[in-house]
Structures are given as structure tokens and as C-alpha cells.
Amino acid sequence: ADIFRLFLGFALLCCFALSVFSQEIVRFLTEERYYAGSRLIPFLAPATLLFGMYIFAPGIAIAKKTGQQLKINIVTSVVSVAANLALIPVFGAVGAAVTSLFVAAIYFYGFVHYGQRHYPVPYKLPHFQYVAAVYVAGVLASSLIDPDSGALSVGRFTLCAIFGALLWRWGYFKSTSP
């Protein structure tokens, strides 16, 4: 549980920084025709994180309950297709990115939910609802900062520092093991 919380703290901070600096990263690495893709990073970075975090919910694998794993995959596949059919025509690539994040959350939740039945993991995620709220608020606030303004570096670095400090304060970088 300590490793999960420490990993999550660092991974969330990285996702936050990627999201906050998405415009600058895309501008630095690509050409103008790809700049609009920067608005997808705040959805795709945490989606990628969530899709890989099933390894921290080992119960299904330990119990060899492949049927439950199959159920999770079928449910997330159906939700993905339905959400993409509903959101892509209206929101385009952003709809697909939102669907990815939503499906990734369902996927991880499925592994945690079913895995806890077979191999309980004492997840200790202090103030997680606040972490999620601050994450979203910080990413939204960063979108208000014009990438061509002088306040860019100071404002975005300040947001990252505040988010990192809150993660520290809320215990995401502290080990509880002796």
C-alpha cells in the first residue's frame, strides 16, 4: 500500500505537470498543425496512468480469476464503444480523450473492486477526493494562462509547486513502514 501511494503521488505530479505544460510541450516537440492536440493531454495522461495501475490490484491475478478479468474487459469495451459513439460526433478528439479517461477509471476500479475480494490491499489514500479536486482545478486554471504571456513560467510552475506541496502535506510522499 505504501508503494502504491508513493507511486501515485509521483505519477499524479507528473501527469499534472504534463497537463499544465501541455501547450508548451506540444509546441516544443511538434509543428503548428499539432498544437490543438495539447488539449487532449489533460485527459490522456491520467487515462494512461489508470490503465496501467491494475498492477496495484493483484487480487484477480493471484486468485487466477480470469472470468472476472474478462468481465472487466467486456464492460470497459462496451462502455468505450458506446461513449465514443456518443461523444466523438459532438466533441471530436476531446470526446475520445474523455472516453479514454472514463473507461480507464472503470477499468482500474474493476480490478480494485474484484481484487479486494481475493487479496485485500490496505489502500491508504488520504484526502484523495481533495487531490482529485485540486488536480482538476489546477489543470483548468492553467488553461487560463496564455502560453504566449510572460506569466507562463511563473504561473504554471507555481501551480505544479502547489500541487506537489499538497501531495506532500497529505502524505503521498511519506512511507508509513518502519
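The values are calculated or read from the model by the stated rules, or taken from the named source; none is laboratory data. Every value quoted in this text rests on a predicted model; they were computed, and no experiment measured them. Cβ coordinates were reconstructed from backbone atoms using ideal geometry, including for glycine residues, and neighbour counts include every protein chain displayed. Heavy atoms of the whole protein, side chains included, go into the accessibility calculation; ligands, DNA and RNA do not. Shrake-Rupley method; radii C 1.70, N 1.55, O 1.52, S 1.80 Å.
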Exercise. Counting helices only, and only those DSSP H runs with n ≥ 4, report the 222 nm mean residue ellipticity of the chain as the sum of -39,500 (n - 2.57) divided by its residues, in deg cm²/dmol to the nearest 500.
Key: -24000 deg cm²/dmol
Quiz prompt | Computed E for A132/F28 - FRET, C-beta separation, R0 30 angstrom, nearest 0.05 | solution = 0.60
Practice problem: Hey, can you find the accessible area per residue of the chain for me, probe 1.4 Å, expressed in square angstrom? | Solution: 58 Å²
Practice problem: Give, in nm to one decimal, the length gained when the segment between I88 and A36 is fully stretched (0.36 nm per residue of separation minus the Cα-Cα distance). | Solution: 17.1 nm
Quiz item: Which ³J(HN,Hα) values, rounded to whole Hz and listed in residue order, are derived for the range 108-122 from phi using the Karplus coefficients 6.51, -1.76 and 1.60 in 6.51 cos²θ - 1.76 cosθ + 1.60 with θ = phi - 60°, glycine and proline given as x?
Solution: 5, 4, x, 5, 5, 4, 6, x, 4, 5, 9, 8, x, 10, x
Quiz item: Relative to the longest principal axis of the chain, what angle (0 to 90°, nearest 10) does the C-alpha long axis of helix 128-143 take?
Solution: 20 degrees
Exercise. List the pair-distance distribution P(r) of the range 1-99, using every Cα-Cα distance, as the percent of pairs falling in each 5 Å bin from 0 up to the bin containing the longest distance, rounded to whole percents.
Key: 2, 11, 15, 17, 17, 17, 11, 6, 3, 0
Quiz item: For the Cα atoms of the chain, what angle does the longest principal axis make with the long axis of helix 152-169, in degrees from 0 to 90, nearest 10?
Solution: 30 degrees
Quiz item: Quick one: with all protein chains in place, what share of the accessible area of the chain is carbon or sulfur, to the nearest percent (1.4 Å probe)?
Solution: 71 percent
Exercise. Please sort 25-31, 9-15 by packing, taking for each peptide the average over its residues of neighbouring beta carbons within 10 angstrom, highest first.
Key: 9-15, 25-31
